[in-house]
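A short reminder: the numbers here are calculations on the coordinates, not readings from a lab. This one's a predicted model, so the numbers in the text were calculated from it and none came from an experiment. Because the Cβ atoms are built from the backbone with ideal geometry, glycine has one as well, and the counts that use them run over all protein chains shown.
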Amino acid sequence: MKKLRSQEWFGKKGKDGFIYRAWMKNQGIPDEEFKGKPVIGICNTYSELTPCNAHFRELAESVKKGVLQAGGFPVEFPVMSLGETLIKPTAMLYRNLMSMDVEESIRANPIDGVVLLCGCDKTTPASVMGAASVGLPTMVVSGGPMLTGKYVGKDVATSDVWRYADEVTKGSFSQDDFRDVEAAMCRSRGHCAVMGTASTMACMVESLGLTLPGNAAIPAADSRRKVLAQLTGRRIVDLVKEDVSIDKILTREAFENAIVVNAGIGGSTNFVLHLLAIAGRCEVPLELDDFDRLGSQIPLLANLQPSGKYFMENFYYAGGLPAVMKQLENHLHMDSTIVNGKSLKENLSQAVSYNSDVIATIDNPFQESSGIVVVRGNLAEKGCIIKPSAATPALMQHKGKAVVFETIEDYHARVNDPSLVVDKDSVLVLKNVGPKGYPGMPEVGNMALPKKLLDEGVTDMVRISDGRMSGTAFGTVLLHTAPESAAGGNLALVRDGDLIEVDVSRKYIHLHVDESELDRRRSEWKAPDLGFDRGYVGQYIHHVQQADLGADLDFLTGKSGHVVTRDSH
Ligand code: FES
């Protein structure tokens with residue numbers, strides 16, 4: 001076995017070694033723990049302010065058991081955590097900050113390998129981004145989804161929030177009933193129970209090869225989640241002994257596999273941003289167009305909300321992600337090796353779907369094509385994206401007049417104004433919700449429809465913005481427009497009544513305004529005063545890259561490695 005990195009601390013003689021070991025001993029640690037055992041960091045995103053990860057102290061105990069069984073020395077440490085539902089103005093603003101915490105915490109400490117415990121949306125990409133920039137042997141344990149919610153005899157989960165909210169707006173559902181749904185929906189530990197962003201991220205890390213097979217779907221409340229955590233604790237020790245660093249897993253082929261799998265499961269649009277950012281940290285070339293090229297022709301195999309009907313619990317019982325990957329084997333790099341040391345071919349040899357209504361076969365999919373389509377044109381010169389499986393087929397080719405909201409506050413103030421000039425063919429345009437413009441790119445792109453149209457029975461409209469949408473949301477929504485309006489993209493120049501044409505099959509979006517008129521509007525345009533000069537947010541605004549590059553900070557792309565040459569004393 002290669003000399004352990006942790007021995008640069010615990011193996012030292014003299015005053016430095018004394019100090020490194022002595023203060024650890026106040027936790028009751030005997031001498032032999034420091035003698036050549038792989039030190040495994042358990043990077044814990046537990047927080048009571050991240051309710052989806054609130055069970056992680058228990059999960060960490062399971063990882064520790066496994067590490068000890070395999071002859072390692074586990075050390076749990078906290079990092080910043082991001083609770084999607086509570087953090088204002090949006091958890092995405094802090095993804096890159098959290099990734100810095102993870103990166104520097106791993107690098108600065110006597111750790112040989114790391115297990116990342118993550119669950120709620122941003123905690124997964126942030127943890128992986130940070131770990132990738134360090135490059136130690138790394139495994140992920142996801143927290144697992146909640147059990148399916150139950151409300152008056154119906155199955156409910158996060159995607160229903162939008163449906164019930166529309167019902168409340170229409171007056172067909174009372175506030176009291178709406179409140180009852182809260183407890184009925186979130187009735188167990190875990191993250192959102194649909195194929196929203198958290199489940200998508202859990203599938204992403206599994207398809208990248210960073211987890212043991214089956215990680216993504218096991219419900220948080222199922223005891224097999226703890227078994228997986230324990231087995232991960234055992235395996236990470238071997239991974240250190242075998243010197244399998246994260247960059248040996250996160251190859252270009254692994255990223256391609258993740259894109260194909262995301263299409264097959266109808267994963268969240270947020271996947272695009274996060275995978276681009278992780279690839280940037282690994283220095284693996286990956287572009288927006290790769291998502292379209294590799295994923296847009298892949299059939300939809302998982303019948304899960306918000307694209308389909310079922311929940312993550314059903315997904316697990318039907319065979320989980322391995323069953324989907326088995327069906328996609330002709331589209332995957334089956335020789336890719338994952339953290340258990342086996343190829344995908346070996347890992348998936350026994351995988352089957354136990355319920356073809358939840359996980360379909362490739363010959364009889366739920367939709368012929370899924371994935372993310374990248375749309376370009378004068379309104380999105382560096383692209384915007386749409387998730388066809390969550391959109392209305394009849395609106396995928398559409399021309400309509402723009403109804404423009406300059407900010408999200410402007411939208412809230414006017415969307416339900418009876419005098420708003422809007423009809424079912426209008427295109428709702430929302431500006432200044434991009435990475436810089438908000439700042440932090442909130443999940444507001446799936447703007448709720450105007451009340452008067454809901455009353456008419458309209459259920460979907462074309463919507464475009466430079467923001468994101470929740471992975472649990474749905475609709476004909478064009479997102480992540482780059483360049484964003486606050487960076488001077490043409491989205492900033494759209495005015496009420498302009499004709500917008502979208503043709504998803506041709507991957508085309510066009511603002512039907514003469515170039516000379518656009519030039520005139522551009523000369524009048526002034527960048528918004530974002531009002532943040534100091535602190536992290538000030539740095540974020542100056543350094544965040546556009547959505548087509550994953551919205552990482554420019555100075556964080558790439559890696560610094562794990563070598564620290566100077567001691568602290
Ligand atoms: Fe945490 Fe949905 S809010 S996963």
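A few notes on this one:
- Straight-distance crosslink candidates among lysines, where the alpha carbon sits under 25 Å from LYS387 and sequence neighbours closer than 8 are dropped: LYS122, LYS309, LYS326, LYS399, LYS401, LYS424, LYS431, LYS436, LYS451, LYS507
- Karplus-based coupling profile of region 386-395, in residue order and whole Hz: 9, 9, x, 5, 9, 9, 8, x, 5, 9, with θ = phi - 60° in 6.51 cos²θ - 1.76 cosθ + 1.60 and x standing for Gly or Pro.
- Value of relative contact order over region 22-133, rounded to a whole percent, pairs C-alpha under 8 Å and six or more apart: 33 percent
- Shape category assigned to region 388-527 from the gyration tensor of Cα positions, a/c cut at 1.5: rounded
- Over region 1-53 - Rg/Rh using Cα atoms and the Kirkwood inverse-distance radius: 1.13
- For region 243-256, backbone phi angles converted through the Karplus equation (6.51, -1.76, 1.60; θ = phi - 60°) give residue-by-residue couplings of 6, 9, 7, 4, 5, 6, 8, 8, 8, 4, 4, 5, 5, 5 Hz, Gly and Pro being listed as x.
- Each peptide among 183-193, 247-257, 503-513 gets the average number of other Cβ atoms lying within 10 Å of its residues, and from highest to lowest they stand as 183-193, 247-257, 503-513.
- Where labels lie 7 Å past Cα in the beta-carbon direction, separation of ILE19 and ASP417 in nm: 6.4 nm
- The charge dipole of region 92-191, taken about the Cα centre with unit charges on the Cβ atoms of Lys, Arg (+1) and Asp, Glu (-1), comes to about 120 debye, rounded to the nearest 20.
- Charge-dipole axis of region 503-569 as Lys and Arg at +1 and Asp and Glu at -1 on Cβ define it, positive-most pick from ILE541, HIS569, PHE555: HIS569
- Region 443-492 versus region 28-100: alpha-carbon centroid distance in Å: 36 Å
- Contact order relative to length of region 436-539, as percent, for alpha carbon pairs under 8 angstrom and 6 or more apart: 22 percent
- Amide H partners (placed H, <5 Å) of VAL427, local residues excluded: LYS401, ALA402, VAL403
- Cα centroid separation - region 351-429 against region 303-348, whole Å: 26 Å
- Shape class for the chain, computed from the alpha carbon gyration tensor (a ≥ b ≥ c): prolate, with a/c not under 1.5 and a/b above b/c.
- Calculated FRET efficiency, TYR317 to GLN297, Cβ-Cβ distance, R0 = 30 Å: about 0.55 to the nearest 0.05.
- Size of charge dipole - the chain - debye, nearest 20, with Cβ of Lys, Arg +1 and Asp, Glu -1, no other charges: 1800 debye
- Mean separation of Cα contacts under 8 Å (6+ apart) over length of the chain, as relative contact order %: 14 percent
- Nearby lysines by direct alpha-carbon distance to LYS13 (threshold 26 angstrom, same-chain neighbours under 8 apart not counted): LYS2, LYS3, LYS25, LYS35, LYS37, LYS241
- For LEU304, nonlocal amide neighbours, meaning residues 5 or more places apart or on other chains whose placed amide H falls under 5 Å from its own, are LYS309, TYR310.
- Separation of the GLU346 and GLU409 label points, Cα + 7 Å toward Cβ, nm: 5.9 nm
- Whether region 82-154 is rounded, prolate or oblate, judged on the alpha carbon gyration tensor where a/c under 1.5 counts as rounded: oblate
- Each peptide among 436-449, 537-550 gets the average number of other Cβ atoms lying within 10 Å of its residues, and from highest to lowest they stand as 436-449, 537-550.
- Note, ³J(HN,Hα) from phi for region 4-21, Karplus 6.51, -1.76, 1.60, rounded to Hz, x at Gly and Pro: 6, 4, 5, 6, 5, 9, 6, x, 6, 8, x, 4, 4, x, 4, 5, 4, 7
- A dipole drawn for the chain from +1 and -1 charges on Cβ atoms has a positive end, and of ALA229, VAL403, GLY377 the residue lying farthest that way is ALA229.
- Peptides 166-176, 551-561 ranked from most to least packed give 551-561, 166-176, packing being the mean of other C-beta atoms within 10 angstrom over each peptide's residues.
- With both labels modelled 7 Å from their Cα along Cα-to-Cβ, the ASP176 to ASP519 distance reads 6.5 nm.
- Around the amide H of GLY377, modelled in the peptide plane, lie the amide H atoms of GLY383, ILE509, all under 5 Å away and 5 or more residues distant in sequence or on another chain.
- Projecting the Cα atoms of THR269, LEU332, GLY319 onto the charge dipole of region 260-338, computed from C-beta unit charges around the Cα centre, puts GLY319 farthest toward the positive end.
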